[in-house]
Amino acid sequence: MGSRILEYFKDFLVEKSAVGVLDNIIPEEDTSYSIYSKQGWEPLEAFVGEGAADRESNFMIYVPPRWQGRHLKDRF
């Protein structure tokens, strides 16, 4: 069910040409931890560098095709 929710949210972001931000609350040791990355979500650190999120958060960013390849660091 979680994968389908992410899929619908991703489709919404693509339709609106909006960048998405979510907090991946799934523990790294859980087998479903990778559901975000499998759908194109990337860690916040990939955009703003190390130390971007606090220790209790694992923010993930989805960049729709219209925004890919653009410099987005300053916007986050």
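The values are calculated or read from the model by the stated rules, or taken from the named source; none is laboratory data. Note that this is a predicted model, so its numbers are computed, not measured. Neighbour counts run over all protein chains shown; Cβ positions are idealised from the backbone, glycine included. Please note that ligands, DNA and RNA were not included when accessible areas were found on the heavy atoms of the full protein model with its side chains. Shrake-Rupley method; radii C 1.70, N 1.55, O 1.52, S 1.80 Å.
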> What's the local net charge at SER37, with K and R +1, D and E -1, over the other residues with C-beta under 15 Å away?
Replying inline: -4
> Leaving out ligands, DNA and RNA but keeping every protein chain, what accessible area does SER34 have, in Å² rounded to the nearest 10, with a 1.4 Å probe?
Replying inline: 30
> What is the calculated FRET efficiency for LEU22 to TRP67, with r their C-beta to C-beta distance and R₀ = 22 Å, to the nearest 0.05?
Replying inline: 0.85
> When the label point is put 7 Å from the Cα of LYS38 along its Cα-to-beta-carbon vector, which residues of region 1-20 have a backbone N closer than 16 Å?
Replying inline: 1-10
>> Skipping prolines and chain starts, which residues have an amide H placed within reach, meaning under 5 Å, of the one on ASN58, given they are 5 or more residues away or on another chain?
In response: ASN24
